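The next block holds one structure in the form of structure tokens; read it before the comments.
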Amino acid sequence: MGTAPGPRARRGAAPAGVAAGPRPHPGADEVVIAVERLNLDAASYRQLREQHGSGAAVRAAVLAIVAERGKMQNPVTGSGGMLLGTVTAVGPDSPLGLAVGDRVATLVSLTLTPLRIDDGLADWDGASEQVPCRGTAVLFGRSIAAKLPDDLPDALALAVLDVCGAPALTDRVVRDYRAPSVAVLGGGGKSGSLSLAAARRAGARRLVALVPTEAEAAAVRRAGLADEVVIADARDPLAVATAVGDPVDVTVVCVDVPGCEHGAVLATADGGTVVFFSMATSFPAAALGAEGLAADVRMLIGNGYVPGHAEFAMDLLRAAPGVRALFEARAH
């Protein structure tokens, strides 16, 4: 799996608002998907919105990226998202276990997915991370996809699958400890709320959700996802450390803005673990910050894949009404 369009993808001139991209005929191990919806990752969407402002300008920026690169790879954040669609063709050697007609969500980044947009994103107002879209995408033999569940609306399932790596790795890390204390920075967001639920299920004895506003704090309290809900700017290290209080064994960073590395390190006890799930994370800032703070912490970069992560996240959503309420509120 690479970062450029595969051997069956093509680049070239295209009509305005339409990207040249993959042909609708798969290679031996490829799968072709008729795209119905894109889900831009939170860091990428925030950056596009902050740079371009209006919905129309954001839409034009996404079209330009796909037209230039043949995939949705934000040149500033380096991140993309995922998509939902229907399988239209399957190569004879594809190992993905998909069949024509399957409705799927891709679990590999759009930065690695050859993509052609055919409708100019005419049905998207640029005001949300989920993008109605008609086009074509290709999955390779080392790609990942999940069949959409029958019991959840498409938009809800896509939102959960977009961040399913976060709760799965949180579960794994929390189980490395014996009843640890856990803080989730960005606990009111998609990956953050699922990570809180995962930490609770994995046996966390103290669970702290850090959010930026009172509105988010109230939503997390209503959802019952944490023992403590605190408010602070995750980019302010001293504010984070003060808000969290006693340092925790595990800190999970799910904030979609840069500059949260040092606060996460300060909030974590010596011998603890920081898990970075944000695509806005800076490796130099995290590594050098921990060194400068003389912090003996293990730091993990969540890569978005843990075996069984899609099923795990869906099960959390079904079992935790508070998590589902937060997701549904974001979708409206």
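Here are a few things to note about the model shown:
- Descending semi-axes in whole angstrom, ellipsoid equivalent of region 68-126, from the Cα gyration tensor: 23, 15, 10
- Here, region 165-330 has an Rg and a Dmax of 14.2, 42 Å when only alpha carbons are counted.
- Seen from all directions on average, the chain presents a Cα convex hull projection of 15.9 nm².
- Dipole moment magnitude, nearest 20 debye, region 165-330 about Cα centre, only Lys, Arg, Asp, Glu C-beta charged: 580
- Angle between the chain longest axis and helix 165-174 axis [Cα atoms, degrees, rounded to 10]: 30
- Size of region 31-161 as Cα extents on the principal axes (Å, biggest first): 43, 32, 24
- Ranked by the mean number of other Cβ atoms within 10 Å of their residues, highest first, the peptides 186-195, 264-273, 293-302 come out as 186-195, 264-273, 293-302.
- Folded to 0 to 90 degrees: helix 309-319 orientation relative to the chain principal axis, Cα: 60
- Mean separation of Cα contacts under 8 Å (6+ apart) over length of the chain, as relative contact order %: 15
- Of VAL62, VAL100, VAL253, the residue with the greatest mean-square motion in the GNM of the chain, using alpha carbon springs below 10 Å, is VAL100.
The numbers here are math on the coordinates, done by the rules we state, and not lab data. Bear in mind the structure is a predicted one, so any value in this text is a computation, not a measurement. Here the Cβ is made from the backbone with ideal geometry for all residues, glycine too, and neighbour counts use every protein chain on show.
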